[in-house]
1. Here are some residues: A:194, A:185. Which one is buried (at least 18 other Cβ atoms within 10 Å of the Cβ) and touching a helix residue (DSSP H, G or I) at 6+ places or on another chain (Cβ under 8 Å)?
2. Within 16 Å of residue A:157 (Cα to Cα) and either exposed (fewer than 15 other Cβ atoms within 10 Å of the Cβ) or without any contact (Cβ under 8 Å) to a residue 40 or more places away in the chain (or both) - does that describe any residue in region A:85-97?
3. For region B:263-291, what are the residues that are within 32 Å of the chain's Cα centre (by Cα) and crowded, with 16+ Cβ neighbours inside 10 Å?
4. Taking only region B:91-117 into account, find how many residues are hydroxyl-bearing (Ser, Thr, Tyr) and part of a helix (DSSP H, G or I).
5. Please indicate, with yes or no, whether at least one residue in region B:142-155 is under 24 Å from the mean Cα position of the chain (by Cα), within 9 Å of chain A (Cβ to nearest Cβ) and closer than 24 Å to residue B:183 by Cβ.
6. Looking at (1) on the phi > 0 side of the Ramachandran plot; (2) within 13 Å of another protein chain (Cβ to nearest Cβ); (3) over 23 Å from the mean Cα position of the chain (by Cα), which one does residue B:173 not meet, given that it meets all the others?
7. Can you tell me which residues in region B:279-309 are assigned to a strand (DSSP E or B) and hydrophobic (A, V, I, L, M, F, W, C)?
8. Taking the options B:119, B:106, name whichever one is closer than 29 Å to residue B:58 by Cα, touching a helix residue (DSSP H, G or I) at 6+ places or on another chain (Cβ under 8 Å) and more than 9 Å from chain A (Cβ to nearest Cβ).
Amino acid sequence: MSALLLMAPALLLLLAVFVWPLLDYAWLSLQAQSVFTGLQPEPVGLANWQRLLADGRFWQDAGQTLRFAVVSVGLELVLGLGFALLLHQRWRGRGVVRTLTLLPWALPTTVMALGWRWIFNDPNGPINALLQSLGLASVPFLASPQLAWQTTVLADVWKTTPFVALLLLAGLQMIPADLYEAFALEGGSPWQSLWRVTLPLLRPYIFIVLLFRLAQALGVFDLVVVLTGGGPASSTESLAVYAYLNAMRFLDFGYSATVMLGMFVLLLISSAGLLLLQRRVQVRA
Amino acid sequence: MTTPTTISTTTAAAPASLRLENLGRRIGDRAILDGVNLAVAPGECLALLGPSGCGKSTVLRLIAGLDAPDAGRILLDGDDITERPPARRQVAMVFQSYALYPHLSVARNLSLGMEVRGVPRGERDREVATVLQLLQLAEMGQRRPAELSGGQRQRVALARALLRRPRVFLLDEPMSNLDAQLREELRPQLRAILCGGSAPVVYVTHDQQEAMGIADRIAVLQDGRVQQCGTPQELYQAPANLIVAGFIGRPQINLLPQPDGTVLGLRPEHLVAVTEGGLPVRVLSREWHGASQQLLVASPQGELRWTCAGNLSIGAELRLGWAREHEHRFVQTTGQRC
């Protein structure tokens, strides 16, 4: 009884900020609430959910969101690990570089996205100006569907690699130096020590990074809205952007809630998958 | 390794001897080590003894190649290995923290080194099984280091060092994380396993009792210099200076400044009650140790420590004398024996 009492504040907080909004959305997803109903909720049963399953744009966006998340988080992990290893070494000027590395992450996403939009502007941005001065044709970075999603990934990687590097650097600092020394004395090369000592001991931190970053990337919103607006032809549209459009542009709140919940399910599945993977890896190691 | 009881395979094929020549290391303006000369014969166990910060761990790290000296040479079997990277020195080190890989089982902790050196799997498994048997760890192979007791961890670290087949064994305070009783139990075991092979052993400790118990010779280090190097008996019977005199022997030696500019050193166990002559003393405090009692007595020359077999109470007055051969004399200004 006293245990419940002691947990009560935390439980109440969870209920207020997590369970209650979720239930509210679940209820809203069972209503029609749009311009056609005079913005008043009307129960429609599972109609919104049936629409969702048949909605090509939802599935296209789900695919795009997933691709964006996997590719950008993958790149961030590899680059972030590289930076973390570099910043973990002792060298002159390391402190300054550590601070500089963090700058992109400290920048508000909107500001950063505006910056990239200018850099990749066709034909007036600096990159295209450079290409033109070299006598090359300018590239429609944000106007071609293929290039636009790659540009979005680039901007996200640029901004969040420092965050990944920071978390992994913290992990590296938790590994006692004498493990590396013992390994070196046993004849291990630095490359072997990365695979045999560093990475296995960094595993918990890598999972934390993946969990944080996947959840964030699957909910990507501001970067897309500012950089491409979801275009061209919805080719960079994420689920969060689609949910936003449903609510704020199409004024279809019931369906927007359904899209949001669909996205939530996607997030839940990927997080659960990751946690299962972590457990299996731990058991095997 | 053919049978679990042989220890011949735990050492390198060719006998090795270790020689440190004029070794120096500085950090900034501070000299950590200053002109250290030491030699360790094959199979000999040398203890580096000194207070914390005296540079004894630095000596080990220089031999292992984990730090580089600013001056001097390290010779192993005549080869100059001063510039050689740690991976190619073929030395084994038991770390104070044991430095076991926390993510690997005991068996994998032991085989990892052989894996990276390209030893085939079958041979690895055989060697690990043998050394686990030798160190009474046979049941522990599948456990993680976190699931072992301190003593077991220490033995795993030792097993890993044995499997390296090193040309030198280095041990950095290997007992300091164990309780006193276990330490005493393990000392003879450690000696049996490490010493008497064909590899020299360098053993770092700040505990003089441990050093005397385990080592063939002891080098007392202070302020980055070797103060004296010799057998435990030599260090006890003829300490070269006041530092060594104060460090070897428990309870600590009594040092009495004399009017002629010397310091008279008298060990507490060499004082005896006499009826005539000697110093008049009065008992100030006592600790009873069973076989003897440890007394602090006041004399005209200052307070003295006295190890006494009898049973005296506080306030008792008597006279203390000593045999001439037990007198140690040092120059007051330099601290050197005279």
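The values are calculated or read from the model by the stated rules, or taken from the named source; none is laboratory data. As the structure is a prediction and not an experimental result, all values here were calculated from the model. In this analysis, Cβ positions are derived from the backbone assuming ideal geometry, glycine residues included, and neighbour counts consider all displayed protein chains.
1. On the way: A:194 fails: buried (at least 18 other Cβ atoms within 10 Å of the Cβ).
From the options A:194, A:185, the qualifying one is A:185.
2. First, the residues of region A:85-97 that are within 16 Å of residue A:157 (Cα to Cα): none.
No - not one qualifying residue is present in region A:85-97.
3. The first filter runs over region B:263-291 and keeps only residues within 32 Å of the chain's Cα centre (by Cα), leaving B:263-272, B:285-291.
The answer is B:263, B:264, B:265, B:266, B:267, B:268, B:269, B:270, B:271, B:286.
4. Narrowing region B:91-117 to residues hydroxyl-bearing (Ser, Thr, Tyr): B:97-98, B:101, B:105, B:111.
Now restrict to residues that are part of a helix (DSSP H, G or I): B:111.
Residues flagged as hydroxyl-bearing (Ser, Thr, Tyr) and part of a helix (DSSP H, G or I) within region B:91-117 amount to 1.
5. Filtering region B:142-155 for residues under 24 Å from the mean Cα position of the chain (by Cα) gives B:149-155.
Among the residues that remain, those that are also within 9 Å of chain A (Cβ to nearest Cβ) are: none.
No: region B:142-155 contains no residue that is under 24 Å from the mean Cα position of the chain (by Cα), within 9 Å of chain A (Cβ to nearest Cβ) and closer than 24 Å to residue B:183 by Cβ.
6. Condition not satisfied by residue B:173: (3).
7. At the first step, the residues of region B:279-309 found to be assigned to a strand (DSSP E or B) are B:279-288, B:293-299, B:302-308.
Across region B:279-309, the qualifying residues are B:279, B:281, B:283, B:284, B:288, B:295, B:296, B:297, B:298, B:304, B:306, B:308.
8. Numbers: B:119 fails: closer than 29 Å to residue B:58 by Cα.
Just one listed residue meets the conditions, B:106.
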